[in-house]
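Following: one structure in structure tokens, then a few remarks.
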Amino acid sequence: MDTAFENISLQLPQGDMFYFEQLARKKGWAFKTKESILQKFIDTRPKNVDISDDDIMEEIYAIRYAK
């Protein structure tokens with residue numbers, strides 16, 4: 001059986017988060033908060049990037065002020 005997945009966003013009261021998380025785990029749904037997604041990005045980011053602050057600023061100016 002091929003199942004299509006849909007990403008949704010919910011706003012829940014703080015007190016209901018525990019119950020929703022339990023339900024999601026029981027149903028086998030992926031449960032991610034904005035904070036957990038951000039933390040995963042931070043944890044997996046490159047640590048040693050061979051680019052200087054000046055190189056970054058040059059890229060920003062080139063994109064922002066390109067004509």
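One table, with the values for the structure above:
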quantity	calculated
For the chain: rounded, prolate or oblate by the Cα gyration tensor [a/c cutoff 1.5]	prolate
Neighbour-limited loop hits for trypsin sites (Lys or Arg not before Pro), segment 2-45 (at most 16 other Cβ within 10 Å; DSSP other than H, G, I, E, B)	LYS32
Difference of contour (0.36 nm per residue) and Cα-Cα distance, TYR19 to ASP50	6.7 nm
ASP43 paired with TYR65, simple spin-label distance in nm, labels 7 Å along Cα-to-beta-carbon	4.0
Ranked TYR19, TYR65, criterion: other C-beta atoms within 10 Å, fewest first	TYR65, TYR19
At most 13 other Cβ within 10 Å, DSSP loop - GluC sites (Glu not before Pro), the chain	GLU6
Ranked list, fewest to most other Cβ atoms within 10 Å of each Cβ, for PHE20, PHE41	PHE41, PHE20
HN-Hα J in Hz across segment 27-42 - Karplus 6.51, -1.76, 1.60, θ = phi - 60°, x for Gly and Pro	7, x, 7, 7, 10, 9, 9, 4, 5, 5, 5, 4, 5, 5, 4, 4
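Quick note: the coordinates plus some simple rules give every number you see, no bench work behind them. Fair warning: this is a prediction, and the values are worked out from it, not measured in the lab. Reconstructed Cβ throughout: ideal geometry from the backbone, glycine too, with neighbour counts over all protein chains shown.
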